[in-house]
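What follows is one structure encoded as structure tokens, with my remarks underneath.
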Amino acid sequence: MSTAHHSPRPSVIQLAIKEKAALYAAYIPMFADGGVFIPTTKEYKLGDDVYVLLSLPEDPQRYPVAGKVAWVTPARAAANRTQGVGVRFPADEKSRVLKIKIEQILGTLLASERPTQTI
């Protein structure tokens, strides 16, 4: 049987971000196409496909993102970092729109020096 090369279906993660501060902490501006940090105790590997249903503050719409795990923060990570994964948005038009939307919501926060969950 040749099923060994079949990658499992991507896991679906719902991430509902209710406030700007949480979005700021989760958003990863250094990814060219945008990305988010997702707190999870599930084990992921770099390059895993993840399907994220993202909700933004004050926005009833859910944004489906077919992302990839770009880094992993393990359990018991240094500096009390939250366990989870950084998911990179794909390089497509939907992500571009989503990235612009997130950066519009964050606006002035993006320029601030507040620490985030990320790098």
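The values are calculated or read from the model by the stated rules, or taken from the named source; none is laboratory data. If you're wondering where the values come from, they're calculated on a predicted model, not measured in any experiment. Methodologically, a virtual Cβ is constructed for each residue, glycine included, from the backbone with ideal geometry; neighbour enumeration extends over all protein chains shown.
Number of residues in the stretch 53-66 that are loosely packed, with under 13 Cβ neighbours inside 10 Å and part of a strand (DSSP E or B): the value is 1.
Is the stretch 31-52 home to any residue that is among the small types (Gly, Ala, Ser), touching a residue at least 12 places away in the same chain (Cβ under 8 Å) and in contact with a Leu (Cβ under 8 Å, 6 or more places away or on another chain)? Yes: one or more hits.
Within the stretch 87-110, does at least one residue satisfy the condition of being under 10 Å from the mean Cα position of the chain (by Cα) and not charged (D, E, K, R)? Looking for residues that are under 10 Å from the mean Cα position of the chain (by Cα) and not charged (D, E, K, R), one finds at least one in the stretch 87-110, hence yes. So which residues in the stretch 19-42 are closer than 19 Å to PRO90 by Cα and either touching a Cys at 6+ places or on another chain (Cβ under 9 Å) or outside any loop (DSSP other than H, G, I, E, B) (or both)? Those that are closer than 19 Å to PRO90 by Cα and either touching a Cys at 6+ places or on another chain (Cβ under 9 Å) or outside any loop (DSSP other than H, G, I, E, B) (or both): LEU23, ALA26, TYR27, GLY35, VAL36, PHE37, ILE38. When the stretch 32-52 is limited to residues that are under 15 Å from LYS101 (Cβ atoms) and hydrophobic (A, V, I, L, M, F, W, C), the one that is surrounded by the fewest Cβ atoms within 10 Å (Cβ to Cβ) turns out to be VAL52. Among residues of the stretch 67-83 being modelled with pLDDT of 95 or more and either surrounded by fewer than 12 Cβ atoms within 10 Å (Cβ to Cβ) or among the small types (Gly, Ala, Ser) (or both), the one that is farthest from VAL12 (Cα to Cα) is ALA70. Pairing residues of the stretch 1-27 that are aliphatic (A, V, I, L, M) with residues that are at pLDDT below 90, at Cβ distances under 7 Å and at least 6 apart in sequence or on separate chains, gives ALA25/THR116; ALA25/GLN117; ALA26/GLN117.
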